[in-house]
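Enquirer: Could you have a look at this structure, given as C-alpha cells, before my questions?
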Amino acid sequence: MSIPPPVLVFSLPGTTDRHGAPQQPILREVPSRKYRTRRPFIRSALREDLIRVRCRDIVAHNVHGAKYRRVRVGLVRRAPAILLIVLLSILAAGCGGSSNKASDTTGTAAAASCDKGSLNLVNAGQLTVGTDNPAFPPWFGGAEKAPWKVSNPYSGQGYESAVAYAVASKLGFTKAEVKWIVVPFNTAFAPGAKKFDFDINQISYKPARANAVDFSESYYDVNQALVVVKGTPIASATSIAMLKPYKFGAQLGTTSYDYIINNIKPDKKTSVFDTNDAAVASLKNKQIDGLVVDLPTAFYISAVQVPNGKILGQFPTVGTTEHFGVVFEKGNSLVSCVNDALSKLRADGTLKSLEAKWLQADAPVLK
Amino acid sequence: MTASGEGRRGVTVALLSTVVFFTLLAVLITHAPGWPEVKRTFFNWDEFRDSMPEISRAFLLNVKIFLIAEAFILVLALVLAIVRSLPGPVFFPMRALGIAYADFFRGVPTILVIALLGFGAPALQLSWVPLSTTFWGIVALVLVYTAYVSEVYRAGIESVHSSQDAAARSLGLTHWQSLSRVVLPQAVRRVIPPLLNDFIGLQKDTALVGFLGSVEAFKQSQIDAAATFNYTPFVAAAVLFVALTIPLARFTDWLVARDRRRRQAAGA
C-alpha cells in the first residue's frame, strides 16, 4: 500500500510578521488524513494581516479627516460649471438645427456640361477608373503587368476594359489619359469620397445600392450560371428543382448569392466568399458542389480555373433583368455624361460588337 | 463623514468633466461635414432592425466555434506549457519543439493559418480528411491560440517562486506531484485575467473563420451590407460581439474576487 502524498502548507515567501521583521517561509507537513488541520494555521496567519490592514485604514481615515474638513459645496461654487453645461447644451441644440441643411445639398447633381474641361474628376485631365485586382478574363485581357495580376486593364482587351476605353474616348480622353487603380469589390461602395471617377467591376444594379452610390445605365445585361465539377453527383442535374440537396457557394455581395437564396433555395447552408478566387478554391476542394457566378465569368472559371469544370447551365431571369452598371460616388455629376456616352455606344452598335468579341456565346438554360 | 464629503466633490467633478467631454465630442462629430452620410450608412435604425435577426442566428456559429475551440485550447495549452517547463537535458527535444511551435503559430497571422488549413487540407483529396470549413476554422484557431495561451500558462508557472517547488521536492514529492499539487494551482489562479484576455481575442477571431465561406455573424453582416451598400449591419454584429464579451469580463472579475474572498474568509 502506498503512502498518500503529504499536503504542504506554507505562507507566501517574503511576508513579514507584525513587527515588520521578515518571516521565514513556514513549511509544515500534515498527513493527508488530517487534511483539515491546515485551516486553523492559515486562519491565524491571515487574521494578523487583516488587523494590520485595518489599523492602517483607521489611521488614514483620521489623517484625511484633519486635512479636508467637510465643507458644504454650495450652488455658488458650482455655478460656473452649471453655466458651462447650459451654454454647451444651447450650443449643441443650436448647431444641431443647422446641420440638416448640409445633407440636402448632396442630392443628385444637376446635369453638367460634358466638356472634357468641365468634368468633375478626381485628378484633373485624367480619367481614373477602378476595378479589382486580379482583373479576370473575359472582363479584362492582355498580358499580366504589375501591379495587375492575370491580365492588364491598360490593354484595352476584355469586355470591361474595352467599354471603359470606349466611354473614355466618347468623353474626349485619349488612351494615355485613362488611369486604372485597384478597388476591391467590397470597397467600391464604401461611403465617403472615392479615389476613382468610376468603378467598373461587374457590379449589379440594385435599388437599395443606389442609395449609397450612383449607377450608370446598363453596360451589360447579365444572367447567372452554375459551375460544377464533371463527374460529381450535381453534374447530372437538369433542373433547378434537382439542385436543392446540394451545397452552393457565391461571392459576397453578388446577385449570384441572392439568386441561390431566393430561387434555388438549397437545403444546405450556402457558403459565401470574399472573392471569387476563394469560391473557386472551395469548388476545386469539393467543399461546395456548385458555384454560381455571372455567365461570362462562368466560362472563364470552368475553362481555366477549375480542372474538369463545367457550366451546368445558365439560370432563367427572375423578375427584372439584372444588369451591370458603372459605379460613381453619390452625387457625382459625371454620371449623366457617362450615361450619354453609354447610350451613344449602344446606339452605334459598339457595345454589341464588343460583347460579341469578348464574351462567349450561350449556355443551356436550366428550367 | 468627512471622507464622504470629499467623495461627493469627486463625483461632482467627474460628472462635470464627463458631461463636458462628451458634449464636446458629440458636437464635433455631429458637425463634421460627412455626418449625415455617416449616420445614414452606419447608424440606420431600420437597417439595424432588419438585419439583426439573421446576424443573431449567424452569431450562434461564432459562439459554437468559440466554445469548442476554447475547450481544446485550455487543455492543449496547459500540456504545451508543461512540456516547455520540463527540466533536464533528456527533455530538450520536447522543449525545443514546444518553443518552435509557440514561435511559429504566434508569428503567423491567424487569417493565414485559417486560409492555409481551410483550403489546403481538403485539397489533399483524402477521403478521411473532413471538408467542413467550420471544422478547419476551429482547428486553425485552436493551433494559434494554443500557442498564445501556453505562454500565459508558462508565465504563471514561472511566477510561482522556485522555493515552492524546492520545498515540495525536499519533502519527497516527485516533479509531477509538485507541479500538479503545488505549482499549477497557484499558477492557474494567477493567470485567470490574462487567460480571459486571450479568450476575448478568440471570440473576436471567430469572425475570421468566415473567410472560408462559413456564414458567421461578420460574414452575414457583410452580406447584408453588400446587398444595400449600407454598413449598419456591421454595427449590429459589433453589438453582438460586445454583448458576449462584457458578461465574460464581469464573470472573470467575479471569479477573481471570489477567489480572493475565499482566501480571506479562511482567516475570518
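Rule-based calculations on the coordinates, nothing more; no lab input. What you see is a predicted model, and the numbers here were worked out from it, not measured in a lab. A quick note on method: Cβ atoms are made from the backbone with ideal geometry, for glycine too, and the neighbour counts reach across all protein chains shown.
Enquirer: For A:VAL86, B:VAL256, what's the fewest-to-most ordering of other Cβ within 10 Å of each Cβ?
Expert: A:VAL86, B:VAL256
Enquirer: Might you report the magnitude of the Cβ-based charge dipole of the range A:224-314 about its Cα centre, with Lys and Arg at +1 and Asp and Glu at -1, to the nearest 20 debye? Present the calculation step by step, with values, prior to reporting the outcome.
Expert: Working: 9 positive and 6 negative charges, 71 e Å.
Dipole size: approximately 340 debye.
Enquirer: Over 19 Å between Cα atoms, which of A:LYS244/A:LYS269; A:LYS286/B:LYS219; A:LYS170/A:LYS352; A:LYS149/A:LYS330; A:LYS265/B:LYS204; A:LYS265/A:LYS367 qualify?
Expert: Going by Cα-Cα distance, A:LYS286/B:LYS219; A:LYS149/A:LYS330; A:LYS265/B:LYS204 fall outside the 19 Å limit.
Enquirer: Anyone know which of B:ALA147, B:ALA32, B:ALA115 comes out most mobile in the 10 Å Cα GNM of chain B?
Expert: B:ALA32
Enquirer: What trypsin sites (Lys or Arg not before Pro) in the range A:194-287 are in a loop by DSSP, with at most 13 other Cβ atoms within 10 Å of the Cβ?
Expert: When the trypsin sites (Lys or Arg not before Pro) of the range A:194-287 are filtered for loop state and at most 13 Cβ neighbours within 10 Å, A:LYS230, A:LYS268 remain.
Enquirer: Separate question: Taking the Cβ-Cβ separation of B:ALA96 and A:LYS195 as r and a Förster radius of 56 Å, what is the calculated FRET efficiency to the nearest 0.05? Write out the running numbers ahead of the final one.
Expert: On the way: r = 49 Å, r/R0 = 0.87.
E(calc), rounded to 0.05, equals 0.70.
Enquirer: In addition: Over all residues in A:284-293, what is the mean tally of Cβ atoms on other chains that come within 10 Å of each residue's Cβ?
Expert: Shielding by partners across A:284-293 averages 3.
Enquirer: For peptide B:209-215, compute the average count of partner chain beta-carbon atoms within 10 Å of each residue's beta-carbon.
Expert: Mean partner-chain Cβ count within 10 Å for B:209-215: 6.
Enquirer: At A:ASP362 and A:ARG346, where each label point lies 7 Å from the Cα along Cα→Cβ, what is the point-to-point distance in nanometres?
Expert: With each label point 7 Å from Cα toward Cβ, the separation is 2.1 nm.
Enquirer: Calculate the dipole size of the range A:104-206 relative to its Cα centre from +1 charges on Lys and Arg beta carbons and -1 charges on Asp and Glu beta carbons; express the result in debye to the nearest 20.
Expert: Once rounded to the nearest 20, the dipole reads 140 debye.
Enquirer: Express in nm, to one decimal, how much length is gained between B:LEU131 and B:ARG106 on full extension, taking 0.36 nm for each residue of separation and deducting their alpha carbon distance.
Expert: 6.5 nm
Enquirer: With the dipole of the range B:126-247 worked out from charges on the C-beta (+1 for Lys and Arg, -1 for Asp and Glu) around the Cα centre, which of B:LEU240, B:GLN164, B:ALA225 lies farthest toward the positive end?
Expert: B:GLN164
Enquirer: As a test of the formula, what do you get for chain B when each DSSP H run with n ≥ 4 contributes -39,500 (n - 2.57) and the sum is divided by the residue count, at 222 nm and rounded to the nearest 500 deg cm²/dmol?
Expert: -27000 deg cm²/dmol
Enquirer: Any idea what the dipole of chain B comes to, in debye rounded to 20, about its Cα centre with Lys/Arg Cβ at +1 and Asp/Glu Cβ at -1?
Expert: Value, rounded to 20: 1020 debye.
Enquirer: Still on this structure, I have one more. Please give me the summed charge of the neighbours of B:LEU60: other residues whose Cβ is under 14 Å from its Cβ, Lys and Arg +1, Asp and Glu -1.
Expert: On the way: positive: A:LYS269, B:ARG57, B:LYS64, B:LYS219; negative: B:GLU54, B:GLU216.
Charge balance in the 14 Å sphere: +2.
Enquirer: How fast does chain B diffuse by Stokes-Einstein, in µm²/s, taking the Kirkwood radius from C-alpha pairs at 10 °C and 1.306 mPa s?
Expert: So the translational diffusion coefficient is about 71 µm²/s.
Enquirer: Work out from phi, with θ = phi - 60° and the Karplus expression 6.51 cos²θ - 1.76 cosθ + 1.60, the ³J(HN,Hα) of each residue of the range A:230-237, listed in order in whole Hz, and give x for Gly and Pro.
Expert: 4, x, 7, x, 5, 5, 9, 6
Enquirer: If neighbour count is taken as other Cβ atoms inside 10 Å, put B:THR23, B:THR41 in order from fewest to most.
Expert: Least crowded to most crowded, the residues run B:THR23, B:THR41.
Enquirer: Enumerate the calculated ³J(HN,Hα) couplings along the range A:193-208 in order (Karplus 6.51 cos²θ - 1.76 cosθ + 1.60, θ = phi - 60°), each rounded to whole Hz, writing x wherever the residue is Gly or Pro.
Expert: So the J values, rounded to whole Hz, are 5, 10, 8, 10, 6, 8, 10, 10, 7, 6, 8, 7, 6, 9, x, 5.
Enquirer: Let me ask something additional. How crowded by other chains is B:149-157, given as the mean number of beta carbons from other chains within 10 Å of each beta carbon?
Expert: 0
Enquirer: Next up: Take B:LEU171 and B:LEU74, extend 7 Å from each Cα along the Cα→Cβ direction, and tell me the distance between the two endpoints in nm.
Expert: Label-label distance for B:LEU171 and B:LEU74, simple model: 2.7 nm.
Enquirer: A further question follows. Projecting each Cα onto the charge dipole of the range B:65-219 (Lys/Arg +1, Asp/Glu -1 at the beta carbon, about the Cα centre), which of B:GLY107, B:ALA123, B:TYR153 comes out farthest on the positive side?
Expert: Of the listed residues, the answer is B:TYR153.
Enquirer: Where does the charge balance sit around A:GLU177 when Lys and Arg score +1, Asp and Glu -1, over other residues with C-beta under 14 Å from its C-beta?
Expert: +3
Enquirer: So, one more: Between A:SER239 and A:ASN263, what length in nm is gained on full extension when 0.36 nm per residue of separation is reduced by their alpha carbon distance?
Expert: Working it through step by step, the gained length comes to 7.4 nm.
Enquirer: Need the full-extension length gain, B:SER180 to B:PHE42, defined as separation in residues times 0.36 nm minus the C-alpha distance. One decimal, nm.
Expert: Details: separation 138, 0.36 × 138 = 49.68 nm, distance 5.13 nm.
Extra length from B:SER180 to B:PHE42 when fully extended: 44.5 nm.
Enquirer: Check which residues have an amide H placed less than 5 Å from A:ASP274's amide H, if you skip close sequence neighbours.
Expert: A:LEU252
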